[in-house]
Amino acid sequence: MASAAGSVVPRAVTGSRSHRERERRLRGAASGVRAALVDAGACGGRVGGGRGAVWVDEIKHECMPDGTVREVVTGGYWKQTGGLQAALSDTADNVKLWPADVRAAGKATYEALKKFKEKCPCHCPGPDDSRKPTSSGDAADDKKVNDYLDGKFPGPNLPRP
């Protein structure tokens with residue numbers, strides 16, 4: 001393809017369909033790589049070490065009076081996935097699927113914040129820059145924080161409905 005000045009312009013620069021298709025595929029691949037890297041960051045640097053979940057229907061087979069067999073969905077359960085399927089899944093952060101991990105993360109965060117508070121020389125500015133500790137009420141009581149997390153996110157990971 002020649003431009004007005006007579007020089008040759010590469011086809012990809014002109015915005016041809018093939019260029020747009022390559023760009024779309026590249027963006028899709030980049031999105032997958034990003035998801036895998038985010039997943040690896042959350043899993044101690046192991047790509048594919050993450051998890052997701054897929055819903056699996058429980059199916060019962062019923063014999064009908066006419067001799068045919070009918071499938072009936074009687075319930076289901078969540079099945080843990082791993083690898084690329086998990087990296088591309090949107091279920092990894094669903095607190096209803098992973099309540100045990102949410103509790104553990106909440107408790108670990110609370111402990112880390114307590115350690116930070118102990119080592120912070122100024123606490124926080126506090127009301128009117130008084131340098132009084134601002135944690136009070138339920139947040140200052142370990143038992144109340146643990147009871148809250150246990151009550152808000154009960155049960156094991158991948159609970160049955």
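Computed from the coordinates by the stated procedures, all read-outs in this text should not be read as laboratory data. Bear in mind the structure is a predicted one, so any value in this text is a computation, not a measurement. Backbone-built Cβ (ideal geometry, glycine too); neighbour counts: all protein chains shown.
Averaged over residues, the count of other Cβ atoms within 10 Å places the peptides 59-68, 74-83 in the sequence 74-83, 59-68, highest first. Each label was represented as a point 7 Å from its Cα along the Cα-to-Cβ direction; for Val69 and Lys107 these points are 4.6 nm apart. Taking a straight line from the alpha carbon of Lys117, these lysines sit under 29 Å away, with near neighbours fewer than eight places off in the same chain left out: Lys107, Lys132, Lys143, Lys144, Lys152. Residues whose amide H falls under 5 Å from that of Gly76, counting only those 5 or more places apart or on a different chain, are Glu58, with hydrogens built in the peptide plane.
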